[in-house]
Structures are given as structure tokens and as C-alpha cells.
Amino acid sequence: MTPEPHHQRVLIVDFGSQVTQLIARRVREAGVYCEIHPFDKAEAIVDDYQPAAIILSGGPASVLEADSPRIGRKLFDLGLPMLAICYGQQLLCDVLGGKVEGGHAGEFGRAELTVGKVSPLFQGLAGVGELETVWMSHGDRVTAIPEGFEVIATSTGAPFAAIANDDKKIYALQFHPEVYHTVNGARMYRNFLFNIAGLKGDWTMAVFRQEMIQKIRDQVGSGKVICGLSGGVDSSVAAVLIHEAIGDQLTCVFVDTGLLRKNEADQVVTLFRDHYNIPLVHVDAGELFLGELAGVTDPETKRKTIGRLFIDVFDKEAAKIDGAEFLAQGTLYPDVVESVSARGGPSAVIKSHHNVGGLPDYMKLKLVEPLRELFKDEVRALGVELGLAPAFVGRHPFPGPGLAIRIPGEITPEKVKVLQDADAIYLEEIRNAGLYDQIWQAFAVLLPVKTVGVMGDARTYENVLALRAVTSTDGMTADFFEFPWAVLGKTATRIINEVRGVNRVVYDVTSKPPGTIEWE
């Protein structure tokens, strides 16, 4: 899964932090390729991987525990530039002869870092004696540092908040520079990558596009590929990339579950058949899905039912394509990382957005996963590189099971139509107000609650609709979007007036804590 040999690469060693993926995003954003590998595999793969620098992640464990995740001295003795974060700092000190203690007051949340020494890590940031706002999350504390290291910054709860061995180019931080709340964290990563490790930053979507096209051709040869289109950004970008590589050797199968956004099926068919001229099989399976979901109320049963039906329908259509050898999926890098946890090994199912149920053993197709090295924002950048309209690739994320998980309780055709109509009005008003690109994800939820209302001179007893919109810079943490009241009011009024079956609209102002990726 590594890039071409001439690319410089960073190895991120994962000790189980819920924000390890944010480290990779910061590195990728700087134009440097990186991969996350669990701590118990890092030493085994490092020789083949040949990193130019190493980053040790944070983690929830304590180095004082007997079964805490650990690495030996091998990575420290490679002579490579290294940045150790939070648990990584404590482990570094423990392995190299420092000291870590428990029982001290911890630091959780925002903290003020006092810069104590000029350092290439802090170039362009606060000067000596000045403050940097950072994000702390630790209970244990480093109380003695290894020989050859010196303190370059402190905080109230961490006298060794940042330490450095300039000669060996090893730096260790108690705080998390990858999270949004560390104001200049991205600059710290760039300083480490470029000022300290001396990397070039040669990871771009233009380069990735050309390299991946050749990889697809090498893998597929003269074989035929089937791609399961969901209508979402990931599978669409994968399909366009594969089509550019192998042309009509690709056939897309679009299973319309009846649970998509309003008019989305028509948009997908138009885009792929008319604009890109990609061979497309469109299966209208709405009646099948809604029939199987009738009476089902448990959310997990809904997901599994939709996943099973999707695979059944897809497999039936795939069998009609003579000579198909490969199955294309829009698997992303977070799917890959989540399938191999820091402590647990492989999971049972890789969670791609359309493969919600996992592939059955009887499907003998070989996988083509051209996006498995990319994060979501990189997929969008690749989509633009391929010529997809920015308005398409910038669409808000949409769940694989579709509107089914935005209808708590039983799903009926009537409820789906109400939600489709209301959701379409909501997104239209967001776009009309010029707010769509400021919001990471917005959607409506048809609540399993009815209320009494009065419309004109008539009393009504109809559904309550919840609107949700969140802002996020990383997809890992989020906060509710502060709508202008005029926009929210106009949206609610339109929904009540135009969508039969809704007489009350509420707005959800719940925030999402670090590590929460799903929103439904």
C-alpha cells in the first residue's frame, strides 16, 4: 500500500489515540506521504517501509502499566528524525532513561505553553517567554528527561511539556499539536517535517493520479472491473479514475435503494451515462428495500438488512457481466486504519460506505481499491483533479444506509418522501444563503414523535422534523453550526408550508467530542 519508491514517507506509530488519524492528516496536508501502523507491527515493517521520519502517537494507556503498548529501542536507534506526542513522549522518556510518574494533577483541555528556548520546532511561533495555546490530555507526567535532551517549553501541569535533542533531531511533546485547538499545531508539524527532517513535500493529487492510473492498468490488465456506485463522492471518484485508466473495461452498477436524497438517482445516471459515458447498469430496487424494511425498527437490523440486500442485488447484476474479474470499491484510508486497531488486529468488516454488510465469501472477485491511500479531503481534491465539478465533490457526507438511519423507528414510503422533500428544502436554503461550504454536514431527521399544531383554522397532528448542521475541520470533532435566525426561520417555514406531514421543526445544537466520526 506504499507509494512509489521515490516518495519520501513518514511512519506514524499508533498507540491507540482517538486522534491518530489527525496526525496523518496534518502530515498529508503538508504534502508529505505517511502511513499509520500499530505499535506492535512498526518494528517489523520499518525496514521495508524505509521512512524518512517517525512520529509516535498519543494513547489512552499509562507507561506505568505492565501491559501498556510499547516498542523497543530499534526505532529510536535508526537515527531518523522523530516527533513523539503525549503518550509517545512518556514512552520515549521511559525507554531512553527518563522518568514518568502518576499521581500528579493532570491537564485536560486548553492550556498555555510557555516557550523556554529557541527551537526549530517553534520557528515562526511564539518567542522565548511567550505563550502558545495548546491542547493537553494527560494524567501521568514526565518528571525526568533522558540524557541529551533539554526542555524547550513548559506548562502549568507539565514542566517538560516540550523537550528536544537537537543533535539527534528527536522532539517530544506532552500536548497534541494535531488537534484544531492547538492554534499553531499545523505550523509545528510543518516545522518538524521541513525544518528538522528536511523533507521535500512531494505528495500531490496530480502525482497520485498518474501513479494510480498505471497501478490500475498493471493490476487489471485486460480484465473487466465492476464498480458498485452509491451516488456518493468516494465511489464516484473511484469510478472516474478507473475509467480513465481502463476505459470500457469498467462497468458501474448503481443500486437505487429508494433511500437516496431527492432526485439523486437521476443525477447519478445523468453524470455517468451522459457526461462521462461510463457503462452503467441502473437497478431500481426501491420496492425491494422498502418491502424488506417494513416493520423493522431496530437501527442495527436496518443497517444489516440494507447491507444484505445491496450485496444480493449487486451480485445478481454482476453475474450478468461476462468475464468480470475485479470489484472496485471506494475504500478510504480511515476504513483501512479502522480495520486494524492499535490493540485488536483486523476487524471483521472493512467499513466502506457502500459495503455496509461486508463481502460474502462466495464473491470471488479481486478487489480494486484505488482510494485506499487517501483521506476524504484528498478524495475531493482528486475529484477536482479528474474534472468532477467542485459542487459535486464538495457535497456533504451521506451515510451508506441512506435515509434509513435518519428515520428512527419503522421506515415507510410515506416517511421517506416526507424526509426527502424536507431535506431538499433544507439544503436548498443553505445554498441560497451561501452557507453550504461553511458547513461540514447538514441533514434532516424525521423523528418518531408527533405533535398537535394549528395550521389555518384546522388542528393538525403531524411529525416533528429535526434539522442538524455541524462544522468541522477534520471530521473527527465537530460543533453545531450557528445559523442566522432568518435563514433557519425561512427554512422551517418552507418545510411546514410545503411538506405535508410536518407541523414542527426543531434545530439540534449538540456538539461532537473528539473521536466521534459518525453523525447519525
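The values are calculated or read from the model by the stated rules, or taken from the named source; none is laboratory data. Quick caveat, the model's predicted, so the values are computed rather than measured. Here Cβ is always computed from backbone atoms with ideal geometry, including for glycine, and neighbour counts include all displayed protein chains. The protein model used for the area step is the full one, side chains on, heavy atoms only, and it has no ligands, DNA or RNA in it. Shrake-Rupley method; radii C 1.70, N 1.55, O 1.52, S 1.80 Å.
Gly456 - would you say it is modelled with pLDDT under 95 and at positive phi? Working first, answer last.
Details: modelled with pLDDT under 95: yes; at positive phi: yes.
Judged against the criteria, Gly456 is a match.
Report yes if some residue within region 60-74 is closer than 21 Å to Asp167 by Cβ, at pLDDT 90 or above and of a type in the set (A, V, I, L, M); otherwise report no. Reasoning before the result, please.
Initial filter on region 60-74 (closer than 21 Å to Asp167 by Cβ): 73-74.
Right, trim to at pLDDT 90 or above and you get 73-74.
Cutting the leftovers down to of a type in the set (A, V, I, L, M) gives us none.
Checking region 60-74: not a single residue is closer than 21 Å to Asp167 by Cβ, at pLDDT 90 or above and of a type in the set (A, V, I, L, M).
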Do the conditions hold for Val255, that is, is it surrounded by fewer than 23 Cβ atoms within 10 Å (Cβ to Cβ), within 25 Å of the chain's Cα centre (by Cα) and either modelled with pLDDT of 90 or more or not in a strand (DSSP E or B) (or both)? no
Output the number of residues of region 212-229 satisfying the condition of being of a type outside the set (A, V, I, L, M) and crowded, with 21+ Cβ neighbours inside 10 Å. 2
Residues that are touching a helix residue (DSSP H, G or I) at 6+ places or on another chain (Cβ under 9 Å), open to solvent by 20 Å² or more (accessible area, probe 1.4 Å) and in a loop (DSSP other than H, G, I, E, B): does region 230-244 have at least one? yes
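I'm checking my understanding of the structure. Among residues of region 259-287 that are in a loop (DSSP other than H, G, I, E, B), touching a residue at least 24 places away in the same chain (Cβ under 8 Å) and under 19 Å from Ile242 (Cβ atoms), which one is least open to solvent (accessible area, probe 1.4 Å)? Reasoning before the result, please.
Filtering region 259-287 for residues in a loop (DSSP other than H, G, I, E, B) gives 259-263, 276-279, 285.
Going one step further and asking which of them are touching a residue at least 24 places away in the same chain (Cβ under 8 Å), we end up with 259-263, 276, 278-279, 285.
Restricting the remaining residues to those that are under 19 Å from Ile242 (Cβ atoms) gives 276, 278-279.
Numbers: Tyr276: 45, Ile278: 4, Pro279: 42 Å².
For region 259-287, the residue satisfying everything is Ile278.
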Among the candidates Val142, Val128, which residue alone is over 31 Å from the mean Cα position of the chain (by Cα) and closer than 19 Å to Tyr87 by Cα? Val142
Do we have any residue at all in region 320-331 that's modelled with pLDDT of 75 or more, out of contact with any helix residue (DSSP H, G or I) (no Cβ under 6 Å at 6 or more places or on another chain), surrounded by fewer than 21 Cβ atoms within 10 Å (Cβ to Cβ) and among the polar types (S, T, N, Q)? no
Do you know which of the residues in region 138-174 that are of a type in the set (A, V, I, L, M, F, W, C) and more than 22 Å from Gly198 (Cα to Cα) is surrounded by the fewest Cβ atoms within 10 Å (Cβ to Cβ)? Ala144
Residues satisfying the stated conditions in region 402-414, i.e. touching a helix residue (DSSP H, G or I) at 6+ places or on another chain (Cβ under 9 Å) and open to solvent by 10 Å² or more (accessible area, probe 1.4 Å): Ile405, Pro408, Gly409, Glu410, Thr412, Pro413
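Scan region 36-67 for residues that are outside any loop (DSSP other than H, G, I, E, B) and either under 25 Å from Asn184 (Cβ atoms) or among the polar types (S, T, N, Q) (or both) and jot them down. Break it down stepwise before answering.
Of region 36-67, the ones outside any loop (DSSP other than H, G, I, E, B) are 36-49, 53-56.
Residues satisfying the conditions are Ile36, Ala53, Ile54, Ile55, Leu56.
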Is it the case, given these coordinates, that Lys304 is touching a Gly at 6+ places or on another chain (Cβ under 9 Å), open to solvent by 10 Å² or more (accessible area, probe 1.4 Å), at pLDDT 80 or above and closer than 30 Å to Asp14 by Cβ? yes
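Checking the condition among the hydrophobic types (A, V, I, L, M, F, W, C) and more than 22 Å from Ile170 (Cβ to Cβ), which residue from Ala53, Ala66 passes?
Values: Ala53 fails: more than 22 Å from Ile170 (Cβ to Cβ).
When all the criteria are applied, what remains is Ala66.
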If you check Gly434 against the conditions, is it open to solvent by 40 Å² or more (accessible area, probe 1.4 Å) and modelled with pLDDT of 95 or more? yes
Give me the strands (runs of 3 or more DSSP E) completely within region 79-131, filtered to those with at least 1 residues that are among the acidic types (Asp, Glu) and open to solvent by 60 Å² or more (accessible area, probe 1.4 Å), ordered by residue number. 107-115
Please find, within region 487-520, the residue that is modelled with the highest pLDDT out of those that are under 26 Å from Val418 (Cβ atoms) and in a loop (DSSP other than H, G, I, E, B). Val499
What number of residues within region 344-379 satisfy the criterion of being modelled with pLDDT of 50 or more, open to solvent by 50 Å² or more (accessible area, probe 1.4 Å), of a type outside the set (Asp, Glu) and over 15 Å from Ile242 (Cβ atoms)? 4
For the structure I just gave you, tell me whether Phe39 is in contact with a strand residue (DSSP E or B) (Cβ under 9 Å, 6 or more places away or on another chain), open to solvent by 10 Å² or more (accessible area, probe 1.4 Å), over 17 Å from Phe192 (Cα atoms) and not acidic (Asp, Glu). yes
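In the list Asp202, Asp248, which residue meets the criterion of being out of contact with any Cys (no Cβ under 8 Å at 6 or more places or on another chain), touching a residue at least 12 places away in the same chain (Cβ under 8 Å), open to solvent by 10 Å² or more (accessible area, probe 1.4 Å) and part of a loop (DSSP other than H, G, I, E, B)?
Result of the check over Asp202, Asp248: Asp202.
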Within region 180-196, of all residues that are in a loop (DSSP other than H, G, I, E, B) and surrounded by fewer than 21 Cβ atoms within 10 Å (Cβ to Cβ), the one modelled with the lowest pLDDT is Tyr180
Select, from Thr460, Thr471, the only residue that is of a type outside the set (A, V, I, L, M), surrounded by fewer than 21 Cβ atoms within 10 Å (Cβ to Cβ) and closer than 21 Å to Arg380 by Cα. Thr471
Applying the selection to region 132-169, what residues are of a type in the set (S, T, N, Q) and part of a strand (DSSP E or B)? Thr133, Ser137, Thr143, Thr154, Ser155, Asn165
Any idea how many residues of region 484-510 are touching a residue at least 40 places away in the same chain (Cβ under 8 Å), hydrophobic (A, V, I, L, M, F, W, C) and farther than 11 Å from Leu465 by Cα? 1
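Would you confirm whether or not region 474-486 contains a residue that is in contact with a Phe, Trp or Tyr (Cβ under 6 Å, 6 or more places away or on another chain), at pLDDT 90 or above, open to solvent by less than 30 Å² (accessible area, probe 1.4 Å) and over 29 Å from Ile311 (Cβ atoms)? Show your work before the answer.
Step one: of region 474-486, the residues in contact with a Phe, Trp or Tyr (Cβ under 6 Å, 6 or more places away or on another chain) are none.
No, every residue in region 474-486 fails to be in contact with a Phe, Trp or Tyr (Cβ under 6 Å, 6 or more places away or on another chain), at pLDDT 90 or above, open to solvent by less than 30 Å² (accessible area, probe 1.4 Å) and over 29 Å from Ile311 (Cβ atoms).
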